[in-house]
Amino acid sequence: MRRRPSLVSSLAALAALLGAGADRAGAGEGGPPNLLVILTDDQGWPTLGSYGGDKVPTPHLDALAARGTRFTRAYVTPQCTPTRATLLTGRYAPGHRMWHVIGPYGYPFARVEEPSFRANLPRDAWTFPKALREAGYVTAIAGKWHLTNGEDGNYIGLNPAAATRYGFDHAPPPVGPEQFEPGADRGVDLLTEQTLAFVERNRDRPWFCLLSHHAVHGKVVAPEPLVEKYLALGTPEEGRRNATYLALLDHLDASVGRLTAGLECLGEAEETVIVFLSDNGGVDVKLGGTDLPSAEPGATLPAVERQYDNAPLREGKGSLYEGGVRVPLIAAGPGIGAGRVVTEPVHAVDLAPTLLSLAGAEVASLPENAALAGVDLSPALTGESTALLADRPVYQYCPFYDLRWGLTPGASVVRGQWKLIAFFGDRIDGGDAPGRSAGEDAGVYRVGPAAELYDLAADPGEQVDLAAARPEIAAELNTLLRDWITASGATIPGPNPAFDPARGFTEIRGVGAEPTRERPR
C-alpha cells in the first residue's frame with residue numbers, strides 16, 4: 001500500500017512548514033504515478049517566460065518546463081467548451097459534437113448555415129477519468145466545468161452529486177460569486193487549496209486531479225497588492241497587458257509554486273506527473289457593440305475590449321489562427337525527460353491516450369464509442385521518439401459563428417510545417433491581418449469561401465498566404481481536411497437559405513443546440 005508520512009491538514013500550517021524549510025521527500029514506492037492536470041482559462045502562448053513572454057515573471061512554470069518537457073506547437077480548440085470535451089473524451093470536435101460554447105446561442109440569419117451542436121456532455125459518454133477509476137485511481141475535479149447546463153453542473157463547476165457520472169470521485173463545491181469580485185482572484189487560491197486537500201486525503205493510492213482554473217478569463221480581477229505592483233512599474237490600468245491582467249498571470253504562476261511545494265511536503269512530488277496547458281489562446285481583441293452593421297462585404301465590427309497581444313502569433317481566442325489555438329503545454333514528473341523541447345504539432349486530443357498510458361491503463365479495451373483520435377505522447381515525453389508526430393495531421397473544426405472573437409465557420413489542418421485554414425463562406429480580418437495598420441483593431445468582414453496556406457516554420461505569425469504560390473500543397477491539405485470532416489460524420493456548412501444581411505450579425509440566445517437525449521433526474 002502507498003502510505004505517506006502523516007502531514008498537517010491545515011494549509012496555513014503547511015505554509016508555515018514550507019517557510020521553515022521542511023524537506024519531505026516522496027516515499028518512492030513505484031507503481032503508477034499520480035496525475036495532476038492544471039488547465040488555465042484563456043491563457044495565451046506567449047504569457048510564460050519559457051515561451052518568450054517578458055511582461056510577467058513566471059518562475060514556477062518555467063521551473064516546471066526546465067525539469068520536464070515543453071511543447072512549442074501544442075494545439076487546443078479556439079474556445080473552452082470544445083477543448084474541455086476533447087480533453088476528457090479524447091476525441092476531436094466532430095466526435096463529441098460539442099464544438100460550440102454552451103449555453104446555446106447562434107446566428108440563424110448569417111450568411112453560412114450553422115449545424116446544430118451538442119449542448120451537454122452525455123452522462124454515458126466515455127471519459128478518461130472513468131478509465132482511470134477502473135484502473136484503481138481516485139479522481140477529482142476542482143474548478144470550471146462548462147460541459148453541462150442544468151442539475152449536473154454549469155459553467156462555474158460540476159455538481160458534487162453528479163461527479164461520478166463523468167468519472168470523478170470527488171468535486172468540491174463550486175467557487176462562489178465573491179471570487180469574481182474586484183480584488184479577488186477568480187478562485188485561484190481556493191482551487192489550489194481544494195486540490196492539495198484532495199491530495200492529502202488520498203495519499204495511500206494513485207490519484208488524478210483536474211485543476212480547472214477560471215483565470216485568466218474575463219472579467220479579469222486580481223489581488224490588489226499585485227495590481228499595485230504592476231501599476232507602480234508603469235503598466236497601464238486598462239487595455240492590452242494592463243496591470244490587473246498581468247497581476248493575475250503573476251498570481252497563477254505563484255499558485256503553481258504552492259502546488260509543487262505542497263506536493264513535496266505531502267510526499268507526493270516524486271510520484272506525480274504534472275501537465276499544464278490552457279484551454280485556448282488569450283483574448284487579444286473582443287469585437288461587438290450595440291449598433292452592428294449589416295453583413296455586407298467590407299462591414300466593420302468595432303473592438304470593445306483588449307487584454308493581451310499574442311504576438312508573435314496572429315489573433316487570439318476564438319480564432320483559427322495560431323493565437324487562438326496554440327497554447328503552452330508542459331509535462332513534468334517521473335520518467336519524463338528534463339529540459340526536453342518537442343517542436344512537432346500535438347493536440348489536446350492526445351492527452352487522454354497519453355495519461356492512460358502513463359497510468360498503465362489498457363487503452364485497447366476502450367469501448368467502440370470511445371475510439372481515441374489522438375496518439376500517446378509518452379515516447380516524446382521520455383525522449384524515446386517523436387516519429388509518430390512527424391507527419392501526423394492535427395485538425396480544427398469550427399462550423400459556427402462567434403463574432404465577438406471574429407470567428408466564422410471554418411476548419412483547419414496542420415501537418416508538419418504547413419497549415420491550411422478553410423473558411424466556408426466568409427471571414428473576418430482582425431487587427432493582425434496582413435496590410436492592417438498598427439492600432440487597427442476593428443474586424444473587417446470579407447465574403448466568399450477562402451483557403452489560406454501558411455508555412456509555420458518560416459511564418460508563425462501567418463502573414464504570407466502561400467495558397468496561390470503553392471497550389472499543390474494547398475489542394476492536398478484542403479482535400480485532406482474535407483475528407484477528415486466527412487469521415488468524422490460532420491458536415492461542411494453551406495449557404496444559409498435564411499440569410500438576412502440586416503440581421504446577419506445578430507446573435508440569438510437559446511438556439512443551435514441539438515435536442516437533449518437525456519432527461520434530468
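The values are calculated or read from the model by the stated rules, or taken from the named source; none is laboratory data. Predicted model, so just to flag it, every value in this text is computed and none were measured. Virtual Cβ from ideal backbone geometry, glycine too; neighbours counted across all protein chains shown. Please note that ligands, DNA and RNA were not included when accessible areas were found on the heavy atoms of the full protein model with its side chains. Shrake-Rupley method; radii C 1.70, N 1.55, O 1.52, S 1.80 Å.
For segment 127-150, give me each residue that is in contact with a helix residue (DSSP H, G or I) (Cβ under 7 Å, 6 or more places away or on another chain), over 22 Å from Gly360 (Cβ atoms) and in a loop (DSSP other than H, G, I, E, B).
Residues satisfying the conditions are His146, Leu147.
If you take the residues of segment 271-304 that are part of a loop (DSSP other than H, G, I, E, B) and within 30 Å of Asp350 (Cα to Cα), which of them is modelled with the lowest pLDDT? Working first, answer last.
Filtering segment 271-304 for residues part of a loop (DSSP other than H, G, I, E, B) gives 279-284, 288-299, 302.
Okay, now just the ones that are also within 30 Å of Asp350 (Cα to Cα), so 279-284.
Values: Asp279: 98, Asn280: 97, Gly281: 96, Gly282: 96, Val283: 95, Asp284: 92.
Residue satisfying both the conditions and the ranking: Asp284.
Tell me the helices (runs of 4 or more DSSP H) entirely within segment 1-100 that contain at least 1 residues that are at pLDDT 95 or above. Talk me through it step by step, then tell me what you get.
Values: elements: 11-19, 59-66, 80-89, 93-96.
Where helices (runs of 4 or more DSSP H) fall fully within segment 1-100 and carry at least 1 residues being at pLDDT 95 or above, they are 59-66, 80-89, 93-96.
I need the full set of residues from segment 442-466 which are touching a residue at least 40 places away in the same chain (Cβ under 8 Å), open to solvent by 20 Å² or more (accessible area, probe 1.4 Å) and part of a loop (DSSP other than H, G, I, E, B), in order please.
Ala442, Ala457, Ala458, Pro460, Gln463, listed by residue number.
Within segment 224-252, can you find the residues that are over 25 Å from the mean Cα position of the chain (by Cα), outside any helix (DSSP H, G or I) and buried (at least 16 other Cβ atoms within 10 Å of the Cβ)?
Listed by number, the list holds a single entry, Thr235.
Output the residues belonging to segment 413-441 that are farther than 22 Å from Pro46 by Cβ, within 25 Å of the chain's Cα centre (by Cα) and part of a loop (DSSP other than H, G, I, E, B).
Matches in segment 413-441: Gly416, Phe424.
Please work out if Thr127 is crowded, with 24+ Cβ neighbours inside 10 Å and either in contact (Cβ under 8 Å) with a residue 24 or more places away in the chain or under 30 Å from Pro495 (Cβ atoms) (or both).
Values: crowded, with 24+ Cβ neighbours inside 10 Å: no; either in contact (Cβ under 8 Å) with a residue 24 or more places away in the chain or under 30 Å from Pro495 (Cβ atoms) (or both): yes.
It is false that Thr127 is crowded, with 24+ Cβ neighbours inside 10 Å and either in contact (Cβ under 8 Å) with a residue 24 or more places away in the chain or under 30 Å from Pro495 (Cβ atoms) (or both).
Taking segment 164-174 only, how many residues are assigned to a loop (DSSP other than H, G, I, E, B) and touching a strand residue (DSSP E or B) at 6+ places or on another chain (Cβ under 9 Å)? So that I can check it myself, show each step before the final result.
Within segment 164-174, the subset assigned to a loop (DSSP other than H, G, I, E, B) is 167-169, 171-174.
Next cut, touching a strand residue (DSSP E or B) at 6+ places or on another chain (Cβ under 9 Å) only: 167-169, 171-172, 174.
Of the residues in segment 164-174, 6 are assigned to a loop (DSSP other than H, G, I, E, B) and touching a strand residue (DSSP E or B) at 6+ places or on another chain (Cβ under 9 Å).
Please enumerate the residues belonging to segment 509-521 that are in contact with a strand residue (DSSP E or B) (Cβ under 6 Å, 6 or more places away or on another chain) and either surrounded by fewer than 15 Cβ atoms within 10 Å (Cβ to Cβ) or at pLDDT 95 or above (or both).
Those that are in contact with a strand residue (DSSP E or B) (Cβ under 6 Å, 6 or more places away or on another chain) and either surrounded by fewer than 15 Cβ atoms within 10 Å (Cβ to Cβ) or at pLDDT 95 or above (or both): Arg509, Val511, Pro520.
Within the set of pairs 6+ apart or on separate chains, which have a first residue in segment 41-52 that is closer than 22 Å to His146 by Cα and touching a residue at least 24 places away in the same chain (Cβ under 8 Å), a second that is open to solvent by less than 10 Å² (accessible area, probe 1.4 Å) and assigned to a helix (DSSP H, G or I), and C-beta atoms under 7 Å apart?
Asp41/Cys80; Gly44/Gly323
Looking at (1) touching a Gly at 6+ places or on another chain (Cβ under 9 Å); (2) closer than 25 Å to Pro297 by Cα; (3) modelled with pLDDT of 95 or more, find the lone condition where Ala457 falls short.
Against the list (1) touching a Gly at 6+ places or on another chain (Cβ under 9 Å); (2) closer than 25 Å to Pro297 by Cα; (3) modelled with pLDDT of 95 or more, Ala457 comes up short only on (2).
Quick check on segment 374-399: of everything there that is of a type outside the set (Asp, Glu), touching a residue at least 24 places away in the same chain (Cβ under 8 Å) and out of contact with any strand residue (DSSP E or B) (no Cβ under 7 Å at 6 or more places or on another chain), which residue is surrounded by the fewest Cβ atoms within 10 Å (Cβ to Cβ)?
In this case the residue turns out to be Ala390.
I'd like to check something: does segment 305-328 contain any residue that is surrounded by fewer than 24 Cβ atoms within 10 Å (Cβ to Cβ) and assigned to a strand (DSSP E or B)?
Within segment 305-328, one or more residues are surrounded by fewer than 24 Cβ atoms within 10 Å (Cβ to Cβ) and assigned to a strand (DSSP E or B).
Please indicate, with yes or no, whether at least one residue in segment 155-164 is open to solvent by 10 Å² or more (accessible area, probe 1.4 Å), free of Cβ contacts under 8 Å to residues at least 12 places away in the same chain, closer than 25 Å to Val101 by Cβ and among the aliphatic types (A, V, I, L, M).
Yes; the residues of segment 155-164 include at least one that is open to solvent by 10 Å² or more (accessible area, probe 1.4 Å), free of Cβ contacts under 8 Å to residues at least 12 places away in the same chain, closer than 25 Å to Val101 by Cβ and among the aliphatic types (A, V, I, L, M).
Given the options Val273, Val256, Val285, name the one that is open to solvent by 20 Å² or more (accessible area, probe 1.4 Å) and among the β-branched types (Val, Ile, Thr). Before the answer, list the steps.
Working: Val273 fails: open to solvent by 20 Å² or more (accessible area, probe 1.4 Å); Val256 fails: open to solvent by 20 Å² or more (accessible area, probe 1.4 Å).
Answer to the check: Val285.
Within the bounds of segment 295-304, is there any residue that is open to solvent by less than 10 Å² (accessible area, probe 1.4 Å) and either closer than 21 Å to Thr40 by Cα or β-branched (Val, Ile, Thr) (or both)?
Of segment 295-304, the ones open to solvent by less than 10 Å² (accessible area, probe 1.4 Å) are 295, 301.
Pick out the ones that are also either closer than 21 Å to Thr40 by Cα or β-branched (Val, Ile, Thr) (or both) and you get none.
Checked against the condition, which is being open to solvent by less than 10 Å² (accessible area, probe 1.4 Å) and either closer than 21 Å to Thr40 by Cα or β-branched (Val, Ile, Thr) (or both), segment 295-304 yields no hits at all.
For segment 198-211, which positions are over 17 Å from Asp253 (Cβ atoms) and either modelled with pLDDT under 95 or not in a helix (DSSP H, G or I) (or both)? Quick ask: steps written out before the conclusion?
Initially, segment 198-211 is screened for residues over 17 Å from Asp253 (Cβ atoms), giving 198-210.
Asn202, Arg203, Asp204, Arg205, Pro206, Trp207, Phe208, Cys209, Leu210 - these are the residues of segment 198-211 that are over 17 Å from Asp253 (Cβ atoms) and either modelled with pLDDT under 95 or not in a helix (DSSP H, G or I) (or both).
How many residues does segment 175-197 hold that are touching a residue at least 24 places away in the same chain (Cβ under 8 Å), open to solvent by less than 60 Å² (accessible area, probe 1.4 Å) and outside any helix (DSSP H, G or I)? Before you say what the answer is, go through the steps one by one.
Residues of segment 175-197 touching a residue at least 24 places away in the same chain (Cβ under 8 Å): 175, 179-189, 191-197.
From what is left, the residues that are open to solvent by less than 60 Å² (accessible area, probe 1.4 Å) are 175, 179-180, 183-189, 191-192, 194-197.
Still in the list and also outside any helix (DSSP H, G or I): 175, 183-187.
Result for segment 175-197: 6.
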